[in-house]
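Here the structure comes first, spelled out in structure tokens, and everything after it is commentary.
FYI, it's all coordinate maths here, none of it is from the lab. Since the structure is predicted, the reported quantities are computational estimates derived from the model, not experimental observations. When we count neighbours, we look across all protein chains shown, and the Cβ atoms used for this are built from the backbone with ideal geometry, even at glycine.
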Amino acid sequence: MPVNVIILAAGQGTRMNSDLPKVLHPLAGAPLLVHAMKSGLALSPGRLIVVVGTGAEAVARAARDFWPETVTALQEETRGTGHAVLAAAQALEGAEGDALVLYGDTPFVTPETLGRMLEARARADIVVLGFESRPEERYGRLVTRGDQLERIVEWADADAPTRAIALHNSGVVMADAATMLRLLARARPDNAGGEIYLTDIVELGRAEGLSATVVRCTEDETIGVNSREHLARAEEMFQTRARAALLADGVTLKAPGQVILAHDTVIGRDALIEGPCVFGPGVTVESGAHVRPFCHLEGCHISRGASVGPFARLRPGAELAEHVHVGNFVEVKNAIVAEGAKINHLTYVGDADVGERTNIGAGTITANYDGVFKHRTVIGADAFIGSNTVLVAPVRVGDGAMTATGSVVNRDVPAGAMAIARARQEVKEGFATRFFANLRARKAAQKKG
Ligand code: UD1
Ligand code: MG
């Protein structure tokens, strides 16, 4: 029977000192919440419920943007983790099987660990994910006897011997959904925080004769983000792991410490990332592609044999086919660049199609925006766009056509034709010599006077 995943994402996160709800702070190019959702989705859940509160609308939107089938539940006041799970009761109605509770501020729980929790459910009614940590950490403490988990005590409520327990609560809990709700209905806010604690289900369940057990993971997996410092640390942990994974997959990173990756970056074997680069979300780089230093890439695809940079910017919708060259100070946005095309210097190509083997000269601009609407530029195969051409969209340049250097092209250019749109040159013999002689004479006269 599929598990139902509940992600708690209603908290304030006051220590973030931010107008943005805590769970929307980006980690590796995606909101913290999305990382937690990815963990939960690995179990192919029956329902994925996100409990929202602070910034409810924005959090719900982010959740549905990532996973349209997300069910959201509103927790009107943040009165504790148990209260938050109770807020999901309606969303759980009619759902059979287990509920797994994850936190929206805890991004690194792995599918493998959740799999071990599922297995542990075969031998216990309640399964809690725990980890060993340092005594000064203020996590909840897991009080065990043999294999049994007896109760969870929040740090603020714990006496000295309980605080000395090294086994801490990650917050991740799994139990039959109906049982969890039934136990929570009996939880009382009689604690230091004055909150309804999810963690109380262990003691309440044990009193009924239910069994509870702990599955362990490393602290790295359960790091929760409560401050900017935590967020920075989480980012660093993510980057370190993602770089190591790419190296293991056969990608060459010349400056691994200066390559910033996103949660969904895909880079093929034998691709070369030659120096510092930033990968925003949605980038795929095929095997054997070459990214030179100082590129900023986002929402784009780079095919086998293509090369990009140095100092190039690929924005969402940039699709480079095989053996395309994009050189320095070039920006490409929402454009399909066909095989073998070259855009080598100082150019903006936006909302465009560029045909096979076409050469775009230095300083070319697709003027795609009229202040209100965006328009497309379509350039055929084997075309030659002269340096410093402005292509005023919507406009089409046919196969094998060319534009003369310095042209402003606002009418279609048929296949095989040449468009020239610039003032005709005049040459005035001796003009420069006379002009400068005159100026120098004036300067000399000023000095004397
Ligand atoms: C919780 C656990 C603690 C554990 C720690 C691990 C409880 C009572 N305590 O404490 O044992 O060691 O996590 O990180 O469960 N949230 C809501 N609504 C609320 C309160 C919280 O949605 O009313 C959400 C928050 O957005 C957050 C998550 O629940 O994503 C955890 O809340 P937080 O306040 O961070 O709990 P901790 O004090 O860290
Ligand atoms: Mg927390």
If I take every Cα pair under 8 Å that is 6 or more residues apart in the stretch 3-222, average their sequence separation and divide by the length, what percent do I get for the relative contact order?
24 percent
Could you give me the ³J(HN,Hα) list for the stretch 158-175, computed from phi with Karplus coefficients 6.51, -1.76, 1.60 and θ = phi - 60°, whole Hz, x at Gly and Pro?
8, 7, 4, x, 5, 4, 6, 5, 7, 8, 10, 8, 7, x, 6, 9, 9, 7
I'd like the orientation of helix 228-248 relative to the chain: the angle between its Cα long axis and the longest Cα principal axis, in ° from 0 to 90, rounded to 10.
70 degrees
The chain: longest segment with zero exposed GluC sites (Glu not before Pro), where exposed means DSSP loop plus at most 14 other C-beta atoms within 10 Å, is residues 209-425
Taking other Cβ within 10 Å of each residue's Cβ, how do 333, 428 sort, fewest first?
428, 333
Note down, for the stretch 194-334, the three equivalent ellipsoid semi-axes (square root of 5 times each alpha carbon gyration tensor eigenvalue), biggest first, whole angstrom.
43, 15, 14
Packing rank of 376-384, 437-445, where each peptide gets the mean count of other beta carbons within 10 Å, highest leading:
376-384, 437-445
Report the Stokes-Einstein translational diffusion coefficient (µm² s⁻¹, integer) for the chain, Rh taken as the Kirkwood radius over Cα pairs, at 20 °C with viscosity 1.002 mPa s.
83 µm²/s
Once amide H atoms are placed 1.01 Å from N in the peptide plane, what residues at a sequence separation of 5 or more from residue 347, or on another chain, have their amide H within under 5 Å of its amide H?
330, 331, 363
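Out of all DSSP beta bridges in the stretch 3-222, what portion is antiparallel? Express it as a percent rounded to 5. Walk me through the numbers on the way to the answer.
Values: 18 of 38 bridges.
Approximately 45 percent, going by the DSSP bridge assignments.
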Using alpha-carbon positions, the gyration tensor of the stretch 3-222 gives root eigenvalues a ≥ b ≥ c; with a/c under 1.5 called rounded, otherwise prolate if a/b exceeds b/c, else oblate, the class is rounded
Lysines with Cα under 30 Å of residue 38, excluding same-chain neighbours fewer than 8 positions away
22, 254, 333
Taking only DSSP H segments of four or more residues, each worth -39500 (n - 2.57), what value at 222 nm results for the chain once the sum is divided by all its residues, to the nearest 500 deg cm²/dmol?
-6500 deg cm²/dmol
Under the Karplus curve 6.51 cos²θ - 1.76 cosθ + 1.60, θ = phi - 60°, whole-Hz ³J(HN,Hα) for the stretch 422-436, x wherever Gly or Pro sits:
7, 5, 6, 7, 10, 10, 10, 4, x, 4, 4, 4, 5, 4, 6
Counting other beta carbons within 10 Å of each residue's own, what order do 98, 65, 19 fall into, fewest first?
19, 65, 98
Report the Cα centroid-to-centroid distance between the stretch 206-268 and the stretch 404-425 in angstrom, as an integer.
54 Å
Pulled fully out, how much extra length does the chain show between residue 219 and residue 444, if you take 0.36 nm times their separation in residues and subtract their Cα-Cα distance?
73.1 nm
When the Kirkwood radius is taken over all Cα pairs of the stretch 228-419, what Stokes-Einstein diffusion coefficient follows at 37 °C and 0.692 mPa s, in µm²/s?
193 µm²/s
Sequence-distant residues sharing a close amide H with residue 419 (under 5 Å, placed H):
402, 403, 404
Length-normalised contact order of the chain in % [C-alpha pairs under 8 Å, at least 6 apart]:
8 percent
Fewest to most Cβ atoms within 10 Å: 50, 85 sort as 85, 50
